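The values are calculated or read from the model by the stated rules, or taken from the named source; none is laboratory data. Everything numeric here is computed off the predicted structure, so don't read it as measured data. Virtual Cβ from ideal backbone geometry, glycine too; neighbours counted across all protein chains shown.
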Amino acid sequence: MFKNTFRLLLLIVLITTSNCSVLQSKKEKASTTDVKKTDQKKDIIKPYNEVITKKAITDKGLFTVHSLEDKYYYEIPDSLLNREMLMVTRIAKTATGIGFGGGKQNTQVLRWQRKNKQILLRVVSHQVYASDSLPVHEAVKNSNFEPVLYAFPIQAFHKDSANTNNNTTVIEVTGLYKTDVKALGFPERQRKKYKISKLDDNRSYIDTIRSYPLNIEARHVKTYNAAEPPSNASTGSISLEMSNSMILLPKTPMKRRYFDQRVGWFARGQVDYGLEAQESKTIQYLDRWRLEVRDEDIEKFKRGELVTPKKQIVYYIDRATPKKWVKYIKQGIEDWQVAFEHAGFKNAIIAKDPPSPEEDPDWSPEDARYSVVRYLASPIPNANGPHVSDPRSGEILESDINWYHNVMTLLRNWFFVQTAAINPEAQSVAFKDEVMGRLIRFVSAHEVGHTLGLPHNMGSSVAYPVESLRDPVFTKKYGTAPSIMDYARFNYIAQPGDGDVALMPNIGVYDKYAIQWGYKPILDKTAEEEKKTLDNWILKHQNDPMYRFGKQQFDVIDPSSQTEDLGDDAVKASDYGIKNLQRIVPNLIQWTAEDGKNYKDLNTIYQQVLSQYNRYMGHVSANIGGVYEYNKTYDQEGAVYSHVSKTNQKRAMQFLQEQLFTTPDWLLDKNIFDKIESAGNIERIRNAQVKTLDNLLDHGRMARLIENEALYKKDAYTLLDMMTELRSGIWAELPRGKTIDVYRRNLQRAYIDRMQFLMTQEQPKIPEEMKRYVVRTDVNASQSDIRAVVRAELNTLRREVKNAVNRSSNTMTKYHLQDIAERITSILEPKK
């Protein structure tokens, strides 16, 4: 027994020690020793001159940056350790099919911290907060531990004998940018989309790292192995140039101004555990520039005199911008001066030419001290105005407006289809420079508005009566909308003979009000104390539609906050718009003609006409099942949410039946089709009709109609009202056995397909990446009235179709109706 126990213990000892060094081969021993030596070598802090040799290329700025062969080093001053810095990650250059260059991917606050023989790069969160004077601060701090993004062995120290505050720590940062640090590279959601497996180190490299007084700009190329790349699929990879901007945040944060949903503003939030509220409450505050009154001007400001701010908002125009457009971009920037005058400042925002390379060889648009309108040679028809702001206070630190060359194409197309019926200057595909310049100025002002903190105000354009937009005196004074931040493009309502009406918006009543509300200094008051004054400014204009803010919607519920619309009556405005399109279509060949040119422009502009027509259908259909949203607080009377009136919903349905579901013959111009396509007009009309039909028969819209009836009974436009009127209009040929042409047959089949969808499918899920943008009405279709009503409508329609078959003398119509009857039966009585 003892022998067996001893043997068992010996066996266990041999097994458990089989991985120890005493049992390893000589080769394995040497390897282990080498690793230890290497680790020890990494811990050795060398003399400065051994690390940063004379071969190093040095760039001084926020940190001193050294490049030595293929390695990069940061020399961090002691004074900047533990200072907070904002890292903004963008895609600088993109692969085909992945958006466009300049798109922001991530922002993080970072802190460089020395710990023993390492520099730690830590991620700082400002999402939760409590004042350090409160006991709860300790709890917040403990639950908000700063994770370590990267750890760098200290390579050397550099002492300044004259100033100990200038002592520096040297680290190598090559790995931070060359390896796959996900926070600084391609975001996770995109990696999943293209099935990226890993970073290919051999095809990834640092391009440049440049240091400026307030920021460090790193550019690095990342190549990822991807199973489903959007372009160049044969490579099995995606290559991108990433840009990381690290900006020093101010030592003293700017005073916040708190957000109010009744005034549109880009804002950020922070959960403040130090408040008296009996809950964890999110405090929101504005993104805005630090505009302050100089000490010597305070008395002038109090007397109501305009003063120049301590620091102006200055935009430089990219040297790459074509010279003939520079003055118009500048005008768009400085158009905002009139708004800042309402905030008490003169010359608050100005535009400048950048210094020439001879005047300042070090000037760079990447320098965070400069905000620049960047002109990009890109086919993208767009412009955008992003900004970088301090998450602690909302202070905008810098902004670069991206101006893509082909935004001019977009402007040309919009201006043509929306104004050519009344505007000879738009009756061509090549505008005069003065005309295009004025359009560029308009877009410049709009994008600058975003960089000042203003989002789109889609509720602005509904403030003006439709007929007022035909009035030269009114439009000259007020433009086409109270805010240039609305998508109220150009005046499609004005008719021939109306005179010299204004065609576009300017900096309007709402814009001046919003800038005053966000920027006017309220002296000698804290952020909390000034809230009462801000509330009073809102209440002063609470019943004036010109001062209303309506948020942008991606699933339209509120028909008074739509994109691309004008006026207070969508039916009337769209009717005027269609009349103008009907004037444009017969002239398209003439207005796009040029000897020696093919018909590409004709095709493009015709497609633009169709797109504009579809916008009108969307503006009107949103009224059916629509609910207005007018944000209010407890000290204001009236409802926040109210349903569109029964009368207006019925008008909207009648409009759609007359202008869309009855085939729009005026769009079917054989002379145009003969020149742009071999076939396609039937499918084009079908697509237009189906888009609006599916929009009407939307789960959320139907749910709102049901709720409207539950709340308002006989005063409501009900789901049954909509479904009955829709069926009667789309199937109007049935009672008299009329011939049904190909356009109507396609529409009727689309109706059946959508009804089948409603009978068999639940409301589609919102994609994860869109949940933060889309607000919609959710409904469980199988447990609502939707399917009961759809089933009843299909049963009624089947009876009417069967009765109509024998009334028709047209063979194709009979075949169509027989097919429809079979389709309905397969929906109502599916085979098991």
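Candidates 716, 732, 703: the one that is modelled with pLDDT of 95 or more and surrounded by fewer than 19 Cβ atoms within 10 Å (Cβ to Cβ) is 732. Hey, could you check segment 375-422 for residues that are assigned by TED's automatic domain parsing to the domain that holds residue 312 and of a type in the set (Gly, Ala, Ser) and say which is surrounded by the fewest Cβ atoms within 10 Å (Cβ to Cβ)? Ranking the qualifying residues of segment 375-422, first place goes to 377. Can you confirm whether segment 274-287 contains a residue that is in contact with a His (Cβ under 9 Å, 6 or more places away or on another chain) and more than 21 Å from residue 104 (Cβ to Cβ)? Checked segment 274-287: at least one residue is in contact with a His (Cβ under 9 Å, 6 or more places away or on another chain) and more than 21 Å from residue 104 (Cβ to Cβ).
Exactly one residue out of 512, 477 is assigned to a helix (DSSP H, G or I), closer than 30 Å to residue 373 by Cα and either small (Gly, Ala, Ser) or over 29 Å from the mean Cα position of the chain (by Cα) (or both): that is 477.
Scanning segment 203-236 for residues that are without any contact (Cβ under 8 Å) to a residue 60 or more places away in the chain, of a type in the set (Val, Ile, Thr) and under 30 Å from residue 172 (Cα atoms) yields 208, 221, 223.
Quick one: would you say residue 813 is crowded, with 17+ Cβ neighbours inside 10 Å, modelled with pLDDT of 95 or more, polar (S, T, N, Q) and more than 17 Å from residue 697 (Cβ to Cβ)? Give the steps one after another, and end with the answer.
Working: crowded, with 17+ Cβ neighbours inside 10 Å: yes; modelled with pLDDT of 95 or more: yes; polar (S, T, N, Q): yes; more than 17 Å from residue 697 (Cβ to Cβ): yes.
The answer is yes for residue 813.
Of the residues in segment 588-609, at least one is among the hydroxyl-bearing types (Ser, Thr, Tyr), assigned to a helix (DSSP H, G or I) and crowded, with 20+ Cβ neighbours inside 10 Å. Each residue in segment 176-203 was checked for being within 26 Å of residue 61 (Cα to Cα), over 27 Å from the mean Cα position of the chain (by Cα) and either surrounded by 20 or more Cβ atoms within 10 Å (Cβ to Cβ) or among the hydroxyl-bearing types (Ser, Thr, Tyr) (or both), and 3 of them qualify.
Looking at this structure, is residue 745 in contact with an Asp or Glu (Cβ under 9 Å, 6 or more places away or on another chain) and either surrounded by 14 or more Cβ atoms within 10 Å (Cβ to Cβ) or more than 15 Å from residue 701 (Cα to Cα) (or both)? No: the conditions fail for residue 745. Against the list (1) over 19 Å from residue 662 (Cα atoms); (2) in a loop (DSSP other than H, G, I, E, B); (3) among the basic types (Lys, Arg); (4) over 45 Å from the mean Cα position of the chain (by Cα), the condition residue 798 fails is (2). Residue 286 meets each of the listed conditions (1) surrounded by fewer than 19 Cβ atoms within 10 Å (Cβ to Cβ); (2) under 21 Å from residue 529 (Cβ atoms) apart from (1).
Matching residues to (1) surrounded by 17 or more Cβ atoms within 10 Å (Cβ to Cβ); (2) modelled with pLDDT under 75; (3) not in a strand (DSSP E or B):
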{"site": "76", "(1), (2), (3)": "yes, no, no"}
{"site": "97", "(1), (2), (3)": "no, yes, yes"}
{"site": "101", "(1), (2), (3)": "yes, yes, yes"}
{"site": "108", "(1), (2), (3)": "yes, no, no"}
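Identification of strands (runs of 3 or more DSSP E) wholly contained in segment 188-262 with 1 or more residues that are β-branched (Val, Ile, Thr) and at pLDDT 90 or above yields 205-211, 215-226, 237-248.
Among the residues that make up segment 623-632, is at least one of them β-branched (Val, Ile, Thr), in a helix (DSSP H, G or I) and either surrounded by fewer than 19 Cβ atoms within 10 Å (Cβ to Cβ) or touching a residue at least 12 places away in the same chain (Cβ under 8 Å) (or both)? No, segment 623-632 contains no residue that is β-branched (Val, Ile, Thr), in a helix (DSSP H, G or I) and either surrounded by fewer than 19 Cβ atoms within 10 Å (Cβ to Cβ) or touching a residue at least 12 places away in the same chain (Cβ under 8 Å) (or both). Scanning segment 311-368 for residues that are more than 30 Å from residue 63 (Cβ to Cβ) and small (Gly, Ala, Ser) yields a total of 6.
Answer with yes or no whether residue 183 is free of Cβ contacts under 8 Å to residues at least 60 places away in the same chain, assigned by TED's automatic domain parsing to the domain that holds residue 147 and in contact with a strand residue (DSSP E or B) (Cβ under 7 Å, 6 or more places away or on another chain). For residue 183, the condition - free of Cβ contacts under 8 Å to residues at least 60 places away in the same chain, assigned by TED's automatic domain parsing to the domain that holds residue 147 and in contact with a strand residue (DSSP E or B) (Cβ under 7 Å, 6 or more places away or on another chain) - is not met.
State which residue is farthest from residue 309 (Cα to Cα) when the search covers only segment 327-340 and only residues that are in contact (Cβ under 8 Å) with a residue 24 or more places away in the chain and surrounded by fewer than 19 Cβ atoms within 10 Å (Cβ to Cβ). Top of the filtered list is 327.
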